[in-house]
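Dropping the structure in here first, questions after.
The values are calculated or read from the model by the stated rules, or taken from the named source; none is laboratory data. Being a predicted model, the structure only gives us computed values, none of them experimental. Cβ placement follows ideal geometry from the backbone for every residue including glycine, while neighbour counts extend to all protein chains displayed. The area values use the complete protein model at the heavy-atom level, side chains included, leaving out ligands, DNA and RNA. Shrake-Rupley method; radii C 1.70, N 1.55, O 1.52, S 1.80 Å.
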Amino acid sequence: MSPRYPLEGVASWNMNTTCNYRCSYCTQRFVDDRGQWAKDLPRFIAAFAQLPGDWEIKLSGGEPFRHPDFIETVRALSGARRRVSVVTNFASPVDELCAFVDATRERPGLISASLHLEYAEPDAFLAKVREVQDHGARIVVTCVATRENLPRLEQIRDHYAAAGVTFRIQPEKQDRDVIDYPEHEREQLVKLGGHNGTGNIAPSFADQPCWAGARYFIVDHRGDAYRCYPARRHRNEYLGNLLDGTFKLRAEAQPCRYSYCNCTVPQQRGMVEMRRT
Ligand code: SF4
Ligand code: SF4
């Protein structure tokens with residue numbers, strides 16, 4: 001049986017490849033050109049505005065705050081009655097982060113603030129998170145659990161929790177697969193909540209019905225859309241291009257074709273039946 005129809009759809013928009021950091025574990029570090037960004041914004045906004053029903057647009061990159069027209073895009077999407085969320089390394093000045101909060105106040109989304117320990121110091125990062133929270137933001141902090149970071153993460157999680165800030169981890173990937181953690185580290189990852197709090201490290205929902213493709217999709221700065229990240233990885237289940245009129249959503253949940261699901265949005269939104277693996 002399919003999970004229930006998700007009332008709010010979610011589109012993950014990788015709107016640029018540019019970033020001010022060069023994290024050693026960045027999944028995009030082999031991208032040919034890290035200086036690209038979505039350019040035809042009116043057509044993007046029109047395409048997002050035309051999606052059927054309610055949608056959240058989750059902006060990511062690269063680092064989306066580095067897109068030259070970032071705030072204007074957020075305002076335009078909000079004006080089109082889309083909820084706007086963002087995945088950011090939180091390196092931008094506080095006034096820019098607060099401008100995002102102001103632009104989304106009517107329909108607040110979530111700020112996923114990625115703590116990159118190669119660049120940011122946890123206490124200073126927390127102080128900044130609290131400042132932006134005080135401005136009205138909903139923020140979750142995430143951190144990639146590299147093997148080097150892992151021994152520090154429980155203490156950081158507890159320290160953040162004491163300040164009322166949610167802290168989640170993401171397993172490290174190399175060549176797009178989760179690295180080969182030894183058993184005791186896998187236990188630590190699960191104790192820390194698993195990938196983005198799902199309790200899992202590298203789950204499989206193969207053959208299960210999933211609404212990705214109908215109520216979730218990913219799209220890049222060129223407008224090319226796929227059912228989900230594993231679909232794009234395998235160059236499968238292309239949904240068309242948002243800018244040239246070929247984009248088409250599916251009508252129904254369909255079986256998952258992949259042996260590893262790294263898309264936590266469909267899992268967290270009940271678009272696929274969650275199970276601990
Ligand atoms: S901040 Fe994100 S996009 Fe930028 S280098 Fe680090 S992991 Fe990659
Ligand atoms: S990989 Fe995940 S998001 Fe993609 S179809 Fe399978 S369960 Fe859905």
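Describe numerically, in nm with one decimal, the distance between label points set 7 Å from Cα along Cα→Cβ at residue 71 and at residue 40.
Between residue 71 and residue 40, the label points sit 2.8 nm apart.
Between 148, 187, 131, which gets the highest mean-square fluctuation from a Gaussian network model of the chain, Cα cutoff 10 Å?
148
Could you state the number of Å between the C-alpha centres of region 244-277 and region 81-146?
Cα centroid of region 81-146 versus Cα centroid of region 244-277: 26 Å apart.
Along Cα→Cβ, 7 Å out, is where each label goes; now give me the distance between the ones at residue 7 and residue 235 in nm to one decimal.
Those two pseudo-labels are separated by 4.1 nm.
P(r) of the chain in 5 Å steps, Cα pairs, percent per bin?
All Cα pairs considered, the percentages come to 1, 5, 12, 16, 19, 19, 15, 9, 3, 0.
Compute the Rg to Rh ratio over region 1-69 from the alpha carbon atoms, using the Kirkwood formula for Rh, and round to two decimal places.
1.08
Rounded to whole Å and sorted largest first, what semi-axes of the equivalent ellipsoid does the C-alpha gyration tensor of region 167-277 yield via the square root of 5 times each eigenvalue?
Output for region 167-277: semi-axes of 27, 15, 12 Å.
List the lysines whose Cα lies under 25 Å from the Cα of residue 173, skipping any in the same chain that are fewer than 8 positions away.
58, 191
Next question, about the same structure. Assign one of three labels to region 204-253, namely rounded, prolate or oblate, based on the Cα gyration tensor with a ≥ b ≥ c the square roots of its eigenvalues; rounded applies when a/c is under 1.5, prolate when it is not and a/b is larger than b/c, and oblate otherwise.
Because a/c hits 1.5 or more and a/b fails to exceed b/c, region 204-253 counts as oblate.
Can you report the principal axis dimensions of region 30-113 using only the alpha carbons, biggest first, rounded to whole angstrom?
36, 28, 18
Separation between the residue 22 and residue 131 pseudo-spin-labels, each 7 Å from Cα along Cα→Cβ, expressed in nm?
Inter-label distance under the simple model: 2.8 nm.
For the chain, what does the helix formula give at 222 nm: sum of -39500 (n - 2.57) over DSSP H segments with n ≥ 4, over the residue count, nearest 500 deg cm²/dmol?
Rounded to the nearest 500, the figure is -7500 deg cm²/dmol.
Residue 266: net charge of surrounding residues, Cβ under 11 Å, Lys/Arg +1, Asp/Glu -1, itself excluded?
With Lys, Arg at +1 and Asp, Glu at -1, the net is +2.
Accessible area per residue, 1.4 Å probe, Å², for the chain: what's the number?
47 Å²
Roughly what % antiparallel, to the nearest 5, for the DSSP beta bridges in the chain?
Expressed as a percentage, antiparallel bridges in the chain total about 25.
Still on this structure, please answer the following. Would you mind telling me the share, in percent, of accessible area of region 140-249 contributed by carbon and sulfur at probe 1.4 angstrom?
Roughly 44 percent of what the probe reaches on region 140-249 is carbon or sulfur.
Tell me, what is the FRET efficiency for residue 254 and residue 123 to the nearest 0.05, using R0 = 45 angstrom and their Cβ-Cβ distance as r?
Computed FRET efficiency for residue 254 and residue 123: 0.45.
Tell me whether region 122-230 comes out rounded, prolate or oblate; compute the Cα gyration tensor, take square roots of the eigenvalues as a ≥ b ≥ c, and use a/c under 1.5 as the rounded threshold.
The shape class here is oblate.
What does DSSP give for region 76-165 in terms of the percent of beta bridges that are antiparallel, rounded to the nearest 5?
Counting DSSP beta bridges with both partners in region 76-165, the antiparallel share is about 0 percent.
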